[in-house]
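Please treat every number below as a calculation from the coordinates, not as lab data. All figures in this text were calculated on a predicted structure; none of them were measured in a lab. Glycine gets a Cβ as well: all are built from the backbone with ideal geometry, and neighbour counts include every protein chain shown.
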Amino acid sequence: MNNFRKLKIWERSIELSTDIYRTTNQFPKSELYGITSQIRRAVVSISSNIAEGAGRQSQKEFVQFLNIAKGSCYELETQLLISKNLKFIEEEDFRNLEEKLVQIEKMIYALVKKLNKELNY
């Protein structure tokens, strides 16, 4: 069992969630139950799955939840691209969010690789 609060990857995902919520506050109100809701659920899913996986009994379960978090990253990336194309997000804001998201994706990949090595996978 890991203390998720000590994981840099969890801290970064919380920071991204905060940034995403601030950004989506500027989305059209007509999208509150559309893409705004989808984006918010995806970004919250990243940190939530990291925390839940860290609290599981085995490293194998932790890896499984990290992979779910990675899937949420890809989902979020897709939704941000759609939002940019619809002009809900300015290009510079999109690049900043994407950069943070890609960094989290890389951190998840590295942690999964490390844990799989420990598990001899």
Determine the dipole magnitude for the range 4-118: charges of +1 sit on the beta-carbon of Lys and Arg, -1 on that of Asp and Glu, nothing else is charged, the reference point is the Cα centre, and the result goes in debye to the nearest 20.
460
Result row for the chain, helices from DSSP H with C-alpha axial extent 18 Å or more and mean Kyte hydropathy at least 0.0, is 35-54
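Could you give the semi-axes, largest first, of the ellipsoid that matches the range 19-88, computed as the square roots of 5 times the alpha carbon gyration tensor eigenvalues and rounded to whole Å? Display every interim value, and only then the final one.
Values: eigenvalues 159, 24, 12 Å².
Ellipsoid half-lengths, sorted descending, are 28, 11, 8 Å.
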Hand me the chymotrypsin sites (Phe, Trp or Tyr not before Pro) from the range 24-98 located in a DSSP loop with no more than 16 other Cβ atoms within 10 Å, in residue order please.
33
Please list, or write none, the aspartates and glutamates whose alpha carbon is within less than 13 Å of the alpha carbon of residue 8, excluding same-chain residues fewer than 8 places away.
105
What trypsin sites (Lys or Arg not before Pro) does the range 1-105 have in DSSP loop regions with at most 12 other beta carbons within 10 Å?
87
Which of the lysines could a cross-linker bridge to residue 84, judged by Cα under 27 Å and excluding same-chain residues fewer than eight apart?
29, 70, 100, 106
